[in-house]
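A short write-up of the structure that comes next.
The values are calculated or read from the model by the stated rules, or taken from the named source; none is laboratory data. As the structure is a computational prediction, the values presented were derived from the model and not from experiment. A quick note on method: Cβ atoms are made from the backbone with ideal geometry, for glycine too, and the neighbour counts reach across all protein chains shown.
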Amino acid sequence: MLKGTVLLPGDKSITHRAIIFASLAAKTSRIEGALLGEDCCATIQCFQQLGVEIERVNTTTLVITSPGVEQFQQPEQAIDCQNSGTTARLMMGILAALPFQTTLIGDESLQRRPMQRVAQPLRQMGAQIQLSQTGTLPAVITGQRLQGITYHSPVASAQVKSAILLAGLFADGETIVYEPEQSRDHTERFFAELGFEWQQINQLTVRVTKHQRKWNFPDCYHVPGDISSAAFWLVGASLIPESIIEISHVGLNPTRTGILEVLDQMGANIERQEIDFSGEPVGKLIVKSATLQAINIGGAMIPRVIDEIPIIALAATQAHGQTCVSQAEELRVKESDRITQTVQLLKQLGAEIMETADGFIIDGPTPLQNQGVYDSFGDHRLAMVLAIAEAYLAVPMHIKRRKAYCVSYPDFETTLTMLQQEARISGINLKK
(Lines give C-alpha, C1' and ligand atoms only; values in the text may rest on other atoms or scores of the structure.)
Protein backbone atom coordinates (compact mmCIF):
# COMPACT_ATOMS: atom_id res chain seq x y z
CA MET A 1 0.00 0.00 0.00
CA LEU A 2 1.21 3.53 -0.85
CA LYS A 3 -0.25 6.64 0.77
CA GLY A 4 0.75 10.28 1.05
CA THR A 5 1.43 13.52 -0.77
CA VAL A 6 4.26 13.76 -3.30
CA LEU A 7 6.08 16.93 -4.31
CA LEU A 8 7.82 15.99 -7.53
CA PRO A 9 11.26 16.98 -8.74
CA GLY A 10 11.26 19.72 -11.35
CA ASP A 11 10.53 18.77 -14.92
CA LYS A 12 13.77 17.62 -16.54
CA SER A 13 12.95 18.88 -20.05
CA ILE A 14 11.91 22.31 -18.76
CA THR A 15 14.93 22.59 -16.43
CA HIS A 16 17.31 21.97 -19.34
CA ARG A 17 15.64 24.72 -21.36
CA ALA A 18 15.42 27.18 -18.47
CA ILE A 19 19.18 26.82 -17.95
CA ILE A 20 19.78 27.33 -21.68
CA PHE A 21 17.66 30.44 -22.09
CA ALA A 22 18.81 32.01 -18.81
CA SER A 23 22.41 31.49 -19.95
CA LEU A 24 21.81 33.14 -23.34
CA ALA A 25 20.60 36.37 -21.70
CA ALA A 26 23.06 38.96 -20.34
CA LYS A 27 21.68 39.23 -16.80
CA THR A 28 21.27 37.45 -13.48
CA SER A 29 18.32 35.08 -13.24
CA ARG A 30 17.00 32.72 -10.60
CA ILE A 31 15.48 29.32 -11.40
CA GLU A 32 13.31 27.79 -8.66
CA GLY A 33 12.16 24.17 -8.55
CA ALA A 34 14.90 23.02 -10.93
CA LEU A 35 15.76 19.35 -11.28
CA LEU A 36 19.43 19.16 -10.39
CA GLY A 37 19.97 15.53 -11.32
CA GLU A 38 22.91 14.34 -13.36
CA ASP A 39 21.46 15.18 -16.80
CA CYS A 40 20.64 18.80 -16.00
CA CYS A 41 23.98 19.21 -14.23
CA ALA A 42 25.59 18.27 -17.55
CA THR A 43 23.85 21.27 -19.14
CA ILE A 44 25.00 23.49 -16.26
CA GLN A 45 28.61 22.41 -16.78
CA CYS A 46 28.37 23.13 -20.50
CA PHE A 47 27.49 26.76 -19.91
CA GLN A 48 30.02 27.13 -17.11
CA GLN A 49 32.70 26.14 -19.64
CA LEU A 50 31.35 28.85 -21.96
CA GLY A 51 31.84 31.51 -19.26
CA VAL A 52 28.46 31.55 -17.48
CA GLU A 53 28.44 31.74 -13.67
CA ILE A 54 25.94 29.27 -12.22
CA GLU A 55 25.51 28.98 -8.47
CA ARG A 56 23.62 26.11 -6.90
CA VAL A 57 21.85 27.80 -3.96
CA ASN A 58 20.15 24.64 -2.68
CA THR A 59 18.87 21.33 -4.05
CA THR A 60 16.29 23.00 -6.33
CA THR A 61 17.50 26.59 -6.90
CA LEU A 62 20.01 28.05 -9.35
CA VAL A 63 21.28 31.60 -9.75
CA ILE A 64 22.63 32.17 -13.27
CA THR A 65 24.76 35.20 -14.08
CA SER A 66 25.59 35.33 -17.76
CA PRO A 67 27.63 37.76 -19.85
CA GLY A 68 25.22 36.98 -22.71
CA VAL A 69 25.61 34.69 -25.68
CA GLU A 70 27.60 37.33 -27.61
CA GLN A 71 30.32 37.09 -24.93
CA PHE A 72 30.60 33.31 -24.69
CA GLN A 73 34.20 32.07 -24.73
CA GLN A 74 35.66 29.01 -26.44
CA PRO A 75 35.94 26.17 -23.90
CA GLU A 76 39.46 25.21 -22.95
CA GLN A 77 38.63 21.51 -23.23
CA ALA A 78 35.92 19.24 -24.60
CA ILE A 79 32.44 19.66 -23.11
CA ASP A 80 31.29 16.45 -21.43
CA CYS A 81 27.54 15.91 -21.88
CA GLN A 82 27.79 12.80 -19.67
CA ASN A 83 24.62 10.70 -20.29
CA SER A 84 22.37 13.55 -21.43
CA GLY A 85 21.09 13.36 -24.99
CA THR A 86 19.11 16.56 -24.44
CA THR A 87 22.29 18.41 -23.50
CA ALA A 88 24.24 17.15 -26.50
CA ARG A 89 21.56 17.74 -29.12
CA LEU A 90 20.33 21.14 -27.94
CA MET A 91 23.87 22.42 -27.43
CA MET A 92 24.70 21.42 -31.02
CA GLY A 93 22.01 23.84 -32.21
CA ILE A 94 23.54 26.73 -30.23
CA LEU A 95 27.23 25.97 -30.74
CA ALA A 96 26.75 25.69 -34.52
CA ALA A 97 26.33 29.49 -34.63
CA LEU A 98 29.06 30.57 -32.19
CA PRO A 99 32.40 31.89 -33.55
CA PHE A 100 34.70 29.16 -32.26
CA GLN A 101 35.26 25.41 -32.28
CA THR A 102 33.83 23.13 -29.60
CA THR A 103 34.00 19.38 -29.02
CA LEU A 104 31.12 17.53 -27.36
CA ILE A 105 31.77 14.17 -25.73
CA GLY A 106 29.71 11.88 -23.50
CA ASP A 107 29.77 8.67 -21.52
CA GLU A 108 29.74 5.22 -23.11
CA SER A 109 25.95 5.12 -23.33
CA LEU A 110 25.59 8.59 -24.88
CA GLN A 111 28.33 7.85 -27.39
CA ARG A 112 26.11 5.10 -28.82
CA ARG A 113 23.12 7.38 -29.40
CA PRO A 114 22.43 8.81 -32.89
CA MET A 115 23.50 12.41 -33.47
CA GLN A 116 23.23 12.44 -37.26
CA ARG A 117 19.52 13.25 -36.95
CA VAL A 118 20.56 16.65 -35.52
CA ALA A 119 23.82 17.20 -37.41
CA GLN A 120 22.23 16.67 -40.84
CA PRO A 121 19.68 19.54 -40.69
CA LEU A 122 22.22 21.80 -38.97
CA ARG A 123 24.66 21.16 -41.82
CA GLN A 124 21.89 22.18 -44.24
CA MET A 125 21.83 25.49 -42.35
CA GLY A 126 25.57 25.88 -42.97
CA ALA A 127 26.92 24.35 -39.77
CA GLN A 128 30.26 22.55 -39.77
CA ILE A 129 29.86 19.43 -37.62
CA GLN A 130 32.10 16.39 -37.62
CA LEU A 131 30.84 13.20 -35.95
CA SER A 132 32.36 9.76 -35.51
CA GLN A 133 32.17 7.30 -38.39
CA THR A 134 29.02 5.84 -36.85
CA GLY A 135 27.28 9.24 -36.61
CA THR A 136 27.69 9.57 -32.87
CA LEU A 137 29.71 11.62 -30.39
CA PRO A 138 32.31 12.98 -30.19
CA ALA A 139 31.10 15.96 -32.23
CA VAL A 140 33.50 18.67 -33.34
CA ILE A 141 31.48 21.83 -34.05
CA THR A 142 32.99 24.84 -35.78
CA GLY A 143 30.63 27.80 -35.58
CA GLN A 144 29.46 29.32 -38.87
CA ARG A 145 27.01 31.92 -40.12
CA LEU A 146 23.75 30.01 -40.49
CA GLN A 147 20.91 30.26 -42.98
CA GLY A 148 17.34 29.30 -42.14
CA ILE A 149 15.88 26.20 -43.78
CA THR A 150 12.61 24.33 -44.16
CA TYR A 151 13.08 20.89 -42.66
CA HIS A 152 10.77 17.87 -42.72
CA SER A 153 11.88 15.79 -39.76
CA PRO A 154 11.58 12.02 -40.27
CA VAL A 155 11.08 11.54 -36.51
CA ALA A 156 8.85 13.23 -33.96
CA SER A 157 11.57 14.34 -31.56
CA ALA A 158 11.55 17.41 -29.34
CA GLN A 159 15.34 17.24 -29.18
CA VAL A 160 15.72 17.35 -32.97
CA LYS A 161 13.08 20.06 -33.33
CA SER A 162 14.54 22.16 -30.52
CA ALA A 163 18.11 21.94 -31.85
CA ILE A 164 16.98 23.25 -35.24
CA LEU A 165 14.80 25.98 -33.74
CA LEU A 166 17.59 27.13 -31.41
CA ALA A 167 19.92 27.36 -34.40
CA GLY A 168 17.14 29.26 -36.19
CA LEU A 169 17.34 32.00 -33.56
CA PHE A 170 20.85 32.77 -34.91
CA ALA A 171 20.18 32.06 -38.62
CA ASP A 172 19.42 34.52 -41.40
CA GLY A 173 15.91 34.25 -42.79
CA GLU A 174 13.27 31.92 -41.37
CA THR A 175 13.52 28.35 -40.13
CA ILE A 176 10.54 26.01 -40.44
CA VAL A 177 10.32 22.52 -38.92
CA TYR A 178 7.66 19.97 -39.86
CA GLU A 179 7.14 16.85 -37.72
CA PRO A 180 5.29 13.60 -38.53
CA GLU A 181 3.61 13.73 -35.09
CA GLN A 182 3.59 16.45 -32.46
CA SER A 183 6.42 16.21 -29.93
CA ARG A 184 6.64 18.08 -26.61
CA ASP A 185 6.53 21.86 -27.03
CA HIS A 186 8.50 23.26 -24.08
CA THR A 187 10.95 25.10 -26.35
CA GLU A 188 8.11 26.86 -28.16
CA ARG A 189 6.52 27.88 -24.86
CA PHE A 190 9.79 29.55 -23.89
CA PHE A 191 9.80 31.31 -27.28
CA ALA A 192 6.36 32.73 -26.50
CA GLU A 193 7.30 33.80 -22.96
CA LEU A 194 10.60 35.40 -24.01
CA GLY A 195 9.18 37.35 -26.94
CA PHE A 196 10.96 35.65 -29.83
CA GLU A 197 9.63 35.95 -33.38
CA TRP A 198 8.01 32.58 -33.93
CA GLN A 199 4.75 31.00 -35.10
CA GLN A 200 2.99 27.71 -34.53
CA ILE A 201 1.73 27.31 -38.10
CA ASN A 202 -0.23 24.19 -37.19
CA GLN A 203 0.07 21.36 -34.67
CA LEU A 204 3.00 19.81 -36.57
CA THR A 205 4.76 22.91 -37.94
CA VAL A 206 6.79 25.64 -36.22
CA ARG A 207 8.47 28.70 -37.76
CA VAL A 208 11.10 30.92 -36.12
CA THR A 209 13.14 33.89 -37.38
CA LYS A 210 16.48 35.30 -36.28
CA HIS A 211 16.43 36.93 -32.85
CA GLN A 212 17.82 40.43 -33.32
CA ARG A 213 16.77 42.11 -30.08
CA LYS A 214 18.13 41.84 -26.54
CA TRP A 215 18.03 38.28 -25.18
CA ASN A 216 15.59 38.14 -22.29
CA PHE A 217 14.70 35.83 -19.43
CA PRO A 218 12.54 36.36 -16.30
CA ASP A 219 14.24 37.48 -13.10
CA CYS A 220 12.79 34.36 -11.49
CA TYR A 221 11.41 31.28 -13.24
CA HIS A 222 9.55 28.41 -11.51
CA VAL A 223 9.87 24.92 -12.97
CA PRO A 224 6.77 22.72 -12.56
CA GLY A 225 6.94 19.12 -11.34
CA ASP A 226 7.90 16.40 -13.84
CA ILE A 227 4.94 14.34 -15.08
CA SER A 228 7.36 11.67 -16.31
CA SER A 229 8.39 11.22 -12.67
CA ALA A 230 4.74 11.31 -11.61
CA ALA A 231 4.07 8.35 -13.91
CA PHE A 232 5.75 5.95 -11.47
CA TRP A 233 3.44 6.99 -8.64
CA LEU A 234 0.39 6.93 -10.93
CA VAL A 235 1.12 3.32 -11.88
CA GLY A 236 2.29 2.29 -8.40
CA ALA A 237 -0.88 3.56 -6.72
CA SER A 238 -3.03 2.04 -9.47
CA LEU A 239 -1.52 -1.42 -9.02
CA ILE A 240 -1.03 -1.65 -5.24
CA PRO A 241 -4.35 -2.23 -3.40
CA GLU A 242 -5.74 0.44 -1.05
CA SER A 243 -3.25 3.07 -2.26
CA ILE A 244 -4.00 6.77 -2.56
CA ILE A 245 -1.41 9.37 -3.58
CA GLU A 246 -1.78 13.10 -4.07
CA ILE A 247 0.72 14.64 -6.48
CA SER A 248 1.10 18.41 -6.16
CA HIS A 249 2.35 21.04 -8.62
CA VAL A 250 2.78 18.66 -11.54
CA GLY A 251 3.22 19.94 -15.10
CA LEU A 252 0.18 19.19 -17.25
CA ASN A 253 1.45 20.32 -20.64
CA PRO A 254 -0.88 18.67 -23.23
CA THR A 255 2.11 17.36 -25.20
CA ARG A 256 3.19 15.45 -22.07
CA THR A 257 -0.10 14.18 -20.61
CA GLY A 258 -0.32 11.06 -22.75
CA ILE A 259 0.35 9.02 -19.60
CA LEU A 260 -2.89 10.34 -18.09
CA GLU A 261 -4.87 9.51 -21.24
CA VAL A 262 -3.38 6.01 -21.43
CA LEU A 263 -4.13 5.27 -17.77
CA ASP A 264 -7.63 6.76 -18.12
CA GLN A 265 -8.28 4.39 -21.03
CA MET A 266 -6.98 1.52 -18.90
CA GLY A 267 -9.51 2.39 -16.18
CA ALA A 268 -7.24 4.08 -13.65
CA ASN A 269 -8.80 6.19 -10.90
CA ILE A 270 -7.14 9.61 -11.37
CA GLU A 271 -8.62 12.98 -10.41
CA ARG A 272 -7.12 16.05 -12.09
CA GLN A 273 -7.21 19.68 -10.88
CA GLU A 274 -5.54 22.10 -13.32
CA ILE A 275 -4.30 25.70 -13.12
CA ASP A 276 -1.95 27.77 -15.32
CA PHE A 277 1.55 28.72 -14.25
CA SER A 278 4.47 30.51 -15.98
CA GLY A 279 3.45 29.51 -19.51
CA GLU A 280 3.16 25.84 -18.53
CA PRO A 281 -0.13 24.39 -17.22
CA VAL A 282 0.25 22.75 -13.81
CA GLY A 283 -2.11 21.15 -11.34
CA LYS A 284 -2.75 18.43 -8.80
CA LEU A 285 -3.40 14.73 -9.38
CA ILE A 286 -5.03 12.31 -6.94
CA VAL A 287 -4.67 8.62 -7.84
CA LYS A 288 -6.24 5.58 -6.16
CA SER A 289 -5.85 1.87 -6.78
CA ALA A 290 -8.00 0.45 -9.59
CA THR A 291 -8.60 -2.58 -11.79
CA LEU A 292 -6.92 -1.97 -15.16
CA GLN A 293 -7.91 -3.06 -18.68
CA ALA A 294 -5.60 -3.68 -21.64
CA ILE A 295 -5.41 -1.19 -24.54
CA ASN A 296 -3.46 -0.60 -27.75
CA ILE A 297 -0.91 2.24 -27.81
CA GLY A 298 0.63 3.59 -31.00
CA GLY A 299 0.61 6.37 -33.61
CA ALA A 300 0.31 9.95 -32.42
CA MET A 301 0.21 8.84 -28.78
CA ILE A 302 3.79 7.48 -28.81
CA PRO A 303 5.69 10.84 -28.76
CA ARG A 304 3.49 11.90 -25.83
CA VAL A 305 4.34 8.82 -23.72
CA ILE A 306 7.77 7.87 -25.04
CA ASP A 307 9.48 8.19 -21.64
CA GLU A 308 6.62 6.52 -19.77
CA ILE A 309 6.30 3.34 -21.86
CA PRO A 310 8.45 1.14 -19.55
CA ILE A 311 6.26 1.90 -16.52
CA ILE A 312 3.12 1.56 -18.67
CA ALA A 313 4.42 -1.91 -19.57
CA LEU A 314 4.53 -2.81 -15.87
CA ALA A 315 0.92 -1.62 -15.52
CA ALA A 316 -0.03 -3.74 -18.54
CA THR A 317 1.23 -6.91 -16.87
CA GLN A 318 -1.65 -6.53 -14.39
CA ALA A 319 -4.27 -5.29 -16.89
CA HIS A 320 -7.01 -7.61 -18.13
CA GLY A 321 -6.52 -8.55 -21.78
CA GLN A 322 -3.79 -7.97 -24.35
CA THR A 323 -1.86 -4.68 -24.47
CA CYS A 324 -0.03 -3.90 -27.70
CA VAL A 325 2.58 -1.11 -27.93
CA SER A 326 3.65 -0.34 -31.51
CA GLN A 327 5.52 2.36 -33.48
CA ALA A 328 7.79 2.91 -30.47
CA GLU A 329 11.11 2.08 -32.16
CA GLU A 330 12.52 5.38 -30.80
CA LEU A 331 12.83 3.52 -27.49
CA ARG A 332 15.73 1.56 -28.95
CA VAL A 333 17.97 4.65 -28.99
CA LYS A 334 17.31 5.95 -25.48
CA GLU A 335 19.69 5.51 -22.52
CA SER A 336 19.38 1.81 -23.24
CA ASP A 337 17.40 -0.22 -25.78
CA ARG A 338 14.27 0.23 -23.72
CA ILE A 339 12.23 -2.21 -25.79
CA THR A 340 14.59 -5.16 -25.34
CA GLN A 341 15.49 -4.30 -21.76
CA THR A 342 11.88 -3.72 -20.65
CA VAL A 343 10.84 -7.04 -22.18
CA GLN A 344 13.79 -8.82 -20.55
CA LEU A 345 13.06 -7.44 -17.08
CA LEU A 346 9.32 -8.10 -17.21
CA LYS A 347 9.87 -11.65 -18.49
CA GLN A 348 12.21 -12.20 -15.56
CA LEU A 349 9.41 -11.04 -13.27
CA GLY A 350 7.09 -13.63 -14.83
CA ALA A 351 5.12 -11.46 -17.26
CA GLU A 352 3.67 -12.82 -20.51
CA ILE A 353 5.39 -10.40 -22.88
CA MET A 354 6.65 -10.72 -26.46
CA GLU A 355 9.06 -8.29 -28.12
CA THR A 356 8.27 -6.90 -31.58
CA ALA A 357 10.34 -4.76 -33.94
CA ASP A 358 8.72 -1.55 -32.72
CA GLY A 359 7.30 -2.42 -29.32
CA PHE A 360 5.85 -5.40 -27.46
CA ILE A 361 2.68 -7.36 -26.70
CA ILE A 362 1.65 -8.15 -23.12
CA ASP A 363 -1.05 -10.58 -21.96
CA GLY A 364 -2.41 -9.96 -18.51
CA PRO A 365 -2.94 -10.15 -15.72
CA THR A 366 -0.14 -12.50 -14.74
CA PRO A 367 1.28 -13.03 -11.25
CA LEU A 368 4.69 -11.44 -10.80
CA GLN A 369 7.41 -12.96 -8.66
CA ASN A 370 10.89 -12.11 -7.44
CA GLN A 371 13.32 -14.25 -9.44
CA GLY A 372 17.04 -13.67 -9.06
CA VAL A 373 19.09 -10.58 -9.76
CA TYR A 374 17.72 -7.67 -11.82
CA ASP A 375 19.76 -5.09 -13.70
CA SER A 376 18.58 -1.54 -14.47
CA PHE A 377 21.23 -1.38 -17.24
CA GLY A 378 22.12 2.02 -15.76
CA ASP A 379 18.84 3.41 -17.15
CA HIS A 380 17.08 5.69 -14.67
CA ARG A 381 13.57 4.84 -15.84
CA LEU A 382 14.15 1.08 -15.73
CA ALA A 383 15.59 1.44 -12.22
CA MET A 384 12.34 3.08 -11.11
CA VAL A 385 10.21 0.46 -12.89
CA LEU A 386 12.02 -2.22 -10.88
CA ALA A 387 11.53 -0.27 -7.64
CA ILE A 388 7.78 0.00 -8.26
CA ALA A 389 7.67 -3.72 -9.06
CA GLU A 390 9.47 -4.36 -5.76
CA ALA A 391 6.87 -2.26 -3.90
CA TYR A 392 4.07 -4.16 -5.67
CA LEU A 393 5.56 -7.53 -4.71
CA ALA A 394 6.27 -6.26 -1.17
CA VAL A 395 9.49 -8.28 -1.00
CA PRO A 396 13.09 -7.04 -1.34
CA MET A 397 14.61 -7.46 -4.80
CA HIS A 398 18.28 -7.57 -5.74
CA ILE A 399 18.55 -4.69 -8.23
CA LYS A 400 21.93 -3.92 -9.77
CA ARG A 401 22.60 -0.23 -10.46
CA ARG A 402 19.54 0.61 -8.37
CA LYS A 403 20.53 4.25 -7.92
CA ALA A 404 20.45 5.00 -11.66
CA TYR A 405 17.26 6.91 -10.81
CA CYS A 406 19.46 9.81 -9.62
CA VAL A 407 19.69 10.99 -13.24
CA SER A 408 16.12 12.30 -13.16
CA TYR A 409 14.74 11.77 -9.63
CA PRO A 410 17.39 12.01 -6.88
CA ASP A 411 14.79 11.70 -4.09
CA PHE A 412 12.89 8.77 -5.63
CA GLU A 413 13.87 6.14 -3.07
CA THR A 414 13.26 8.54 -0.16
CA THR A 415 9.80 9.37 -1.52
CA LEU A 416 8.92 5.70 -2.01
CA THR A 417 9.96 4.91 1.56
CA MET A 418 7.84 7.83 2.82
CA LEU A 419 4.75 6.58 0.94
CA GLN A 420 5.22 3.08 2.35
CA GLN A 421 5.69 4.39 5.90
CA GLU A 422 2.58 6.60 5.62
CA ALA A 423 0.63 3.56 4.45
CA ARG A 424 1.84 1.47 7.41
CA ILE A 425 0.91 4.22 9.87
CA SER A 426 -2.51 4.54 8.24
CA GLY A 427 -3.00 0.78 8.50
CA ILE A 428 -2.07 0.76 12.20
CA ASN A 429 -4.48 3.63 12.91
CA LEU A 430 -7.29 1.83 11.08
CA LYS A 431 -6.74 -1.30 13.20
CA LYS A 432 -6.95 0.81 16.35
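Some points to look at:
One line per residue, one yes/no per condition, for (1) surrounded by fewer than 19 Cβ atoms within 10 Å (Cβ to Cβ); (2) out of contact with any Leu (no Cβ under 9 Å at 6 or more places or on another chain):
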| position | (1), (2) |
| --- | --- |
| Arg89 | no, yes |
| Gln120 | yes, yes |
| Thr134 | yes, yes |
| Arg145 | yes, yes |
| Ala158 | no, yes |
| Ala163 | no, no |
| Phe170 | no, no |
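- Of all residues in segment 88-119, those that are in contact (Cβ under 8 Å) with a residue 40 or more places away in the chain, among the small types (Gly, Ala, Ser) and not in a loop (DSSP other than H, G, I, E, B) total 2.
- When Arg338 is tested against (1) charged (D, E, K, R); (2) in contact (Cβ under 8 Å) with a residue 60 or more places away in the chain; (3) buried (at least 23 other Cβ atoms within 10 Å of the Cβ), only condition (2) is not met.
- Residues in segment 120-167 that are of a type outside the set (Ser, Thr, Tyr) and in contact (Cβ under 8 Å) with a residue 60 or more places away in the chain: Pro138, Gly148, Val155, Ala156, Ala158, Gln159, Val160, Ala163, Ile164, Leu165, Leu166, Ala167.
- Matching residues in segment 96-111 - criterion: being out of contact with any Phe, Trp or Tyr (no Cβ under 9 Å at 6 or more places or on another chain) and either buried (at least 23 other Cβ atoms within 10 Å of the Cβ) or closer than 19 Å to Ala158 by Cα (or both): Thr102, Leu104, Gly106, Leu110
- Within the option set Tyr392, Tyr374, Tyr405, being out of contact with any strand residue (DSSP E or B) (no Cβ under 9 Å at 6 or more places or on another chain), modelled with pLDDT of 95 or more, within 30 Å of Glu330 (Cβ to Cβ) and of a type in the set (Ser, Thr, Tyr) holds for one residue only, Tyr392.
- Matching strands (runs of 3 or more DSSP E) fully within segment 12-87 where at least 3 residues are without any contact (Cβ under 8 Å) to a residue 40 or more places away in the chain: 53-56
- Tabulated pairs, segment 295-307, first among the acidic types (Asp, Glu), second surrounded by fewer than 21 Cβ atoms within 10 Å (Cβ to Cβ) and in a loop (DSSP other than H, G, I, E, B), C-beta under 9 angstrom, 6+ apart or interchain: Asp307/Lys334
- Segment 252-275: number of residues that are assigned to a helix (DSSP H, G or I) and either in contact with an Asp or Glu (Cβ under 9 Å, 6 or more places away or on another chain) or farther than 23 Å from His320 by Cβ (or both): 3
- Scanning segment 155-179 for residues that are of a type outside the set (S, T, N, Q) and either at pLDDT below 95 or in a helix (DSSP H, G or I) (or both) yields Val155, Ala156, Ala158, Val160, Lys161, Ala163, Ile164, Leu165, Leu166, Ala167, Gly168.
- Scanning segment 343-376 for residues that are outside any strand (DSSP E or B), under 24 Å from the mean Cα position of the chain (by Cα) and among the charged types (D, E, K, R) turns up just one, Asp358.
- Filtering segment 13-33 to residues that are closer than 21 Å to Pro67 by Cβ and not β-branched (Val, Ile, Thr) leaves His16, Arg17, Ala18, Phe21, Ala22, Ser23, Leu24, Ala25, Ala26, Lys27, Ser29, Arg30.
- In segment 364-400, the residues that are surrounded by fewer than 18 Cβ atoms within 10 Å (Cβ to Cβ) and either closer than 11 Å to Leu314 by Cβ or out of contact with any helix residue (DSSP H, G or I) (no Cβ under 8 Å at 6 or more places or on another chain) (or both): Pro367, Val373, Leu393, Ala394, Val395, His398, Lys400
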